[in-house]
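K.L.:
Please see the structure below; I have some questions.
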Amino acid sequence: MVQKAKILLVDDRPENLLALEAILSALDQTLVRASSGEEALKALLTDDFAVILLDVQMPGMDGFETAAHIKRRERTRDIPIIFLTAINHGPHHTFRGYAAGAVDYISKPFDPWVLPAKVSVFVELYMKNCQLREQASLLRLQLEGGRQSSEAKESAGLLAELSARLAAVEEQAEALSKQLDETAEAAAVATAAHLERKLSGLRRALDALEPGAGGASG
């Protein structure tokens with residue numbers, strides 16, 4: 001099931017928020033309200049948004065200041081912002097919006113065809129980015145699984161080689177012990193016994209490392 005994208009609507013006037021919700025409801029995404037710049041910044045602390053529709057004229061923290069805060073945060077700096085304005089103040093006003101990080105400027109009253117079309121572009125981009133991140137994560141897991149499998153094969157080969165070398169030393173130690181008779185010096189007999197104990201310990205350790213081993217063999 002594809003998760004819905006969240007769209008943040010920021011306007012101090014409830015009737016404007018209602019109008020935005022009515023127009024954007026056709027996109028079938030999750031619409032989140034904020035009635036001030038401060039409320040918008042709080043929402044951005046916990047949720048990820050595909051796009052922000054931000055009113056320019058708000059009491060207290062206006063749209064430009066809110067956008068500046070959004071762009072300063074690493075978590076939110078890449079979220080596209082569409083500025084909403086009721087008054088056209090001319091090129092300087094528009095330039096200030098783009099300088100603050102806006103990707104588009106829309107005048108009120110909202111066009112019921114243009115606004116959803118513009119917002120849907122950013123929603124689609126957001127969805128594509130989410131899919132790419134998920135695919136990258138899956139690929140990373142697959143690569144790690146393949147690396148672990150390769151490492152397991154290398155470990156198994158190394159264990160087999162160590163076991164073969166240990167078997168050769170065990171044969172030599174056994175032959176040495178048979179050559180020592182009762183007349184042999186006590187030091188030589190003790191050394192041979194000590195060697196056998198060491199080899200026995202190594203063998204148990206190697207057996208314990210074998211895949212599926214329940215514990216050291218006796």
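K.L.:
Give all pairs with beta carbons closer than 7 Å in which a residue from the range 107-131 that is at negative phi meets a residue that is buried (at least 17 other Cβ atoms within 10 Å of the Cβ) and among the acidic types (Asp, Glu); count only pairs at least 6 apart in sequence or on separate chains.
P.N.:
Filtered contacts from the range 107-131: LYS118/ASP104.
K.L.:
Out of all the residues in the range 51-66, which are more than 8 Å from GLY37 (Cβ to Cβ) and among the acidic types (Asp, Glu)?
P.N.:
Within the range 51-66, ASP55 is the sole residue that qualifies.
K.L.:
Would you please list the contacts, defined by Cβ atoms under 6 Å and residues six or more apart or on different chains, that run from a residue in the range 75-87 that is closer than 17 Å to ASP104 by Cβ to a residue that is assigned to a loop (DSSP other than H, G, I, E, B)?
P.N.:
What qualifies is ILE79/PHE49; ILE81/GLY101; PHE83/VAL56; THR85/VAL56; ALA86/LYS108.
K.L.:
Now for a different question. Which one of GLN3, GLN29 is within 16 Å of MET127 (Cβ to Cβ), buried (at least 18 other Cβ atoms within 10 Å of the Cβ) and not hydrophobic (A, V, I, L, M, F, W, C)? Show your work before the answer.
P.N.:
Working: GLN3 fails: buried (at least 18 other Cβ atoms within 10 Å of the Cβ).
Of GLN3, GLN29, the one residue that is within 16 Å of MET127 (Cβ to Cβ), buried (at least 18 other Cβ atoms within 10 Å of the Cβ) and not hydrophobic (A, V, I, L, M, F, W, C) is GLN29.
K.L.:
For the range 158-205, give me the residue count where each residue is modelled with pLDDT under 75 and exposed (fewer than 11 other Cβ atoms within 10 Å of the Cβ).
P.N.:
Residues that pass the stated criteria total 11.
The values are calculated or read from the model by the stated rules, or taken from the named source; none is laboratory data. Keep in mind that this is a model prediction, so the values were computed, not measured. Because the Cβ atoms are built from the backbone with ideal geometry, glycine has one as well, and the counts that use them run over all protein chains shown.
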